[in-house]
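Before anything else, here's the structure in question.
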Amino acid sequence: INNLGELLRIPRGCGEQNMLNFAPNIFVGNYLNRTDRLTQELKDRAVNYLQLGYQQELTYQRYDGSFSAFGNDDSDGSVWLTAFVLKSFSQARQYTYIDSYVTDRAKRWIFSRNDTNGGFSEVGRVLSQSIQGGSGEALTAYVLIALSEANDTNKPYVLDEDTNKTIAAQRYLEKRLPNMIVPYQVAITTYALHLLDSEQADAAFAQLESMAVTKEDGTIYFPTGSSTTPDEPVIG
């Protein structure tokens with residue numbers, strides 16, 4: 001893949017837009033680094049953009065530790081955006097300084113939004129709903145992925161309550177997995193369950209594979225809706 005350096009972006013905009021420009025700098029940097037193509041010029045540019053995006057995003061962290069599109073001007077923080085920030089900041093640590101206090105507060109707030117059924121639901125306003133990927137099971141899976149990846153790069157959970165809530169969210173996904181009919185929900189749930197070493201991880205993967213549609217030319221795709229409606233627009 002050539003010219004990936006052109007994908008490096010200067011973060012700008014509200015709390016959501018800033019992160020949508022922040023994250024690609026991590027992905028591009030990781031790819032170029034692992035393929036031994038990360039030149040000093042590209043690394044310096046990526047790090048500079050990450051530092052700018054980090055400082056910009058801090059202005060959208062609310063008093064309670066959550067993040068939202070417009071920070072304290074919003075009525076509530078966003079579960080999805082806070083998880084997105086936690087995930088991205090944790091990944092960015094390999095390139096630039098990220099204050100653990102910032103991510104710890106975000107993590108604390110996320111855990112405080114755990115529903116009684118074990119899942120997570122959105123409480124704030126999300127502007128980019130298409131990038132959010134949905135609510136319910138999909139949001140719960142995304143939050144667990146963010147928490148898992150943050151835990152790998154930050155200090156381990158220190159409270160048994162955190163572990164209990166993580167397990168409750170995992171059980172929430174495992175219980176609802178058999179009834180999921182949207183490939184995206186199954187895909188992101190499969191990823192989350194594999195990260196958590198769930199006993200249902202392989203079953204989730206098998207369920208996802210069963211939703212694949214094979215065309216006459218041998219190519220495979222997943223419909224964006226239920227697995228029973230292959231004529232719908234597809235996930236590329």
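Taking the options TYR101, TYR49, TYR97, TYR54, name whichever one is surrounded by fewer than 16 Cβ atoms within 10 Å (Cβ to Cβ) and assigned to a helix (DSSP H, G or I).
Working: TYR49 fails: surrounded by fewer than 16 Cβ atoms within 10 Å (Cβ to Cβ); TYR97 fails: assigned to a helix (DSSP H, G or I); TYR54 fails: surrounded by fewer than 16 Cβ atoms within 10 Å (Cβ to Cβ).
Only one candidate qualifies: TYR101.
Within the stretch 24-45, can one find any residue that is hydroxyl-bearing (Ser, Thr, Tyr), in a helix (DSSP H, G or I) and open to solvent by less than 20 Å² (accessible area, probe 1.4 Å)? Quick ask: steps written out before the conclusion?
First, the residues of the stretch 24-45 that are hydroxyl-bearing (Ser, Thr, Tyr): 31, 35, 39.
Remaining after also requiring in a helix (DSSP H, G or I): 31.
Of the ones still in play, those that are also open to solvent by less than 20 Å² (accessible area, probe 1.4 Å) are none.
There is no residue in the stretch 24-45 that is hydroxyl-bearing (Ser, Thr, Tyr), in a helix (DSSP H, G or I) and open to solvent by less than 20 Å² (accessible area, probe 1.4 Å).
Inside the stretch 110-133, can you point out the residues that are closer than 22 Å to GLN17 by Cα, open to solvent by 20 Å² or more (accessible area, probe 1.4 Å) and in a helix (DSSP H, G or I)?
Within the stretch 110-133, GLN129, SER130, ILE131, GLN132 meet the criteria.
ARG62 is checked against (1) within 26 Å of GLN170 (Cβ to Cβ); (2) basic (Lys, Arg); (3) surrounded by 18 or more Cβ atoms within 10 Å (Cβ to Cβ); (4) more than 14 Å from the chain's Cα centre (by Cα) and fails just one. What number does that condition carry?
The failed condition is (1).
Also, I was wondering about something else. Which one of these does GLY136 not meet: (1) modelled with pLDDT under 95; (2) within 13 Å of the chain's Cα centre (by Cα); (3) surrounded by 15 or more Cβ atoms within 10 Å (Cβ to Cβ)?
Failing condition for GLY136: (2).
Being surrounded by 13 or more Cβ atoms within 10 Å (Cβ to Cβ), within 12 Å of GLU137 (Cα to Cα) and of a type in the set (Gly, Ala, Ser) narrows it down to one of ALA212, ALA187, ALA204, so name that one. Please lay out each step first, then the result.
Details: ALA212 fails: within 12 Å of GLU137 (Cα to Cα); ALA204 fails: within 12 Å of GLU137 (Cα to Cα).
ALA187 is the lone residue from the list that is surrounded by 13 or more Cβ atoms within 10 Å (Cβ to Cβ), within 12 Å of GLU137 (Cα to Cα) and of a type in the set (Gly, Ala, Ser).
Of all residues being of a type outside the set (Lys, Arg), farther than 17 Å from SER148 by Cα and within 21 Å of the chain's Cα centre (by Cα) in the stretch 165-180, which is surrounded by the most Cβ atoms within 10 Å (Cβ to Cβ)? Just the residue, please. Talk me through it step by step, then tell me what you get.
Pass one, the stretch 165-180, residues of a type outside the set (Lys, Arg): 166-170, 172-174, 177-180.
Restricting the remaining residues to those that are farther than 17 Å from SER148 by Cα gives 177-180.
Those left that are additionally within 21 Å of the chain's Cα centre (by Cα): 177, 180.
Details: LEU177: 19, MET180: 23.
Step by step, filter the stretch 165-180, then rank; the result is MET180.
Further question: Cβ-Cβ below 7 Å, separation at least six or inter-chain, first residue in the stretch 1-14 and open to solvent by less than 100 Å² (accessible area, probe 1.4 Å), second outside any helix (DSSP H, G or I) and not hydroxyl-bearing (Ser, Thr, Tyr): which pairs?
CYS14/ALA69; CYS14/PHE70
Scan (1) part of a helix (DSSP H, G or I); (2) closer than 22 Å to SER121 by Cα; (3) modelled with pLDDT of 95 or more; (4) open to solvent by less than 70 Å² (accessible area, probe 1.4 Å) for the single condition ALA150 breaks and write down its number.
(3)
The values are calculated or read from the model by the stated rules, or taken from the named source; none is laboratory data. Predicted model only: the values in this text are computed from it and were never measured. Don't worry about glycine lacking a Cβ; one is built from the backbone with ideal geometry, like all the others, and counts go over all protein chains shown. Note: accessible area is taken over every heavy atom of the protein model, side chains too, but ligands, DNA and RNA are not part of it. Shrake-Rupley method; radii C 1.70, N 1.55, O 1.52, S 1.80 Å.
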